[in-house]
Ligand code: PXP
């Protein structure tokens, strides 16, 4: 059964909208932990548009579940990660103008930068996950470069419907099988919500799901601890038991 990584970027986005001190991702992370999260996930972007360096430092001090740092391979950010030592780094592509991460990291095209980042992060004892599209050549190279885990990009699955969504799920399942065959842990994330998460959560050996926007959006209505608890139940309690 997967554990839930709650992405706190959207809490920081609301704070940064007013350049003030609330809502605070540190306090919000405590509520996510109380709601049953297995990890706190943050993306320290090069433009610092939401999560700030202060957040990373304070979360390293206060989070006692897994701290998962999403980041690019930029040498500046790699140096920060090596100093702060999150439990896990998920390497993602980053484009300055994008609204959110747009696709998986192209490890084939960025091979040298990825090798350098993985080398420095692993030397600091940090667990490495790569955020990838479910493509055989990307997954094979991730294994060759020594990744511990692959987070499959679920964005296309999340955005599609009906037969197209079933095709996207089949691609994710085939990709997940490859990830496992190479001995890496299987993660997933992007665009997942309370309606589309179950088929992904039920993929064989799914280990970690990183979900942000839908949980933080729901928290406006029901509170963060309950929004997290509802998502944890959805991804961990088998359908048969939930319907009783
Ligand atoms: N995983 C990765 C690698 C991401 O970049 C993001 C978005 O920050 C997420 C998961 C969470 O996506 P969402 O906010 O759509 O749930």
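Bear in mind that the values in this text are calculations on the coordinates, not laboratory data. Quantities reported herein were computed from a predicted structural model and do not represent experimental measurements. Note: ideal-geometry Cβ built from the backbone for every residue, glycine included; neighbour counts use all protein chains shown.
A few comments on the model shown:
- Computed Rg/Rh of the chain, alpha carbon atoms with Kirkwood Rh: 0.94
- Label point distance in nm, residue 99-residue 202, each placed 7 Å from Cα along Cα→Cβ: 3.0 nm
- If you run the Gaussian network model on the chain, springs between alpha carbon atoms under 10 Å, then out of 188, 125, 155 the most flexible one is 125.
- Cα-based shape type of region 1-79, given that a ≥ b ≥ c are square roots of the gyration tensor eigenvalues and the cut on a/c is 1.5: oblate
- Of the residues 194, 157, 221, the one with the fewest other Cβ atoms within 10 Å heads the list, and the complete ranking is 221, 194, 157.
- Residue list for region 6-23, given a label point 7 angstrom along the Cα-to-Cβ vector of residue 61 and an amide N cut-off under 15 Å: none
- With a simple spin-label model that places each label point 7 Å from the Cα along the Cα-to-Cβ direction, the separation between residue 222 and residue 193 comes to 1.4 nm.
- DSSP bridge pairs, region 1-138: antiparallel proportion in percent, nearest 5: 0 percent
- Within region 126-211, percent of DSSP bridges classed antiparallel, to nearest 5: 0 percent
- Highest to lowest packing among 137-145, 18-26, scored as the average C-beta count within 10 Å: 137-145, 18-26
- Applying 1/(1 + (r/R0)^6) with R0 = 51 Å to the Cβ-Cβ distance of residue 236 and residue 124 gives a FRET efficiency near 0.95.
- Exposure proxy ranking, count of Cβ atoms within 10 Å, fewest first, for 99, 92: 99, 92
- Residue order, fewest to most surrounding Cβ atoms within 10 angstrom, among 180, 161: 161, 180
- Relative contact order of region 1-100, defined on C-alpha pairs under 8 angstrom at six or more residues apart (%): 24 percent
- The separation of region 80-143 from region 201-226, counted between C-alpha centres, amounts to 22 Å.
- Within a Gaussian network of the chain (alpha carbon springs, distance under 10 Å), most fluctuating of 100, 62, 154: 100
- Between residue 83 and residue 164, the FRET efficiency estimated from the beta carbon spacing at R0 = 51 angstrom works out to 0.70.
- Between residue 181 and residue 49, residue separation times 0.36 nm minus the direct Cα-Cα distance comes to 43.8 nm.
- Over every Cα atom in region 129-244, the radius of gyration and the widest Cα-Cα span, Dmax, amount to 14.7, 46 Å.
- Springs join every pair of Cα atoms under 10 Å in this Gaussian network model of the chain, and among 58, 172, 234 the largest mean-square fluctuation is at 58.
- Calculated [222 nm] ellipticity per residue, helices only, for the chain: -14000 deg cm²/dmol; basis is -39500 (n - 2.57) per DSSP H run with n ≥ 4, divided by all residues, nearest 500.
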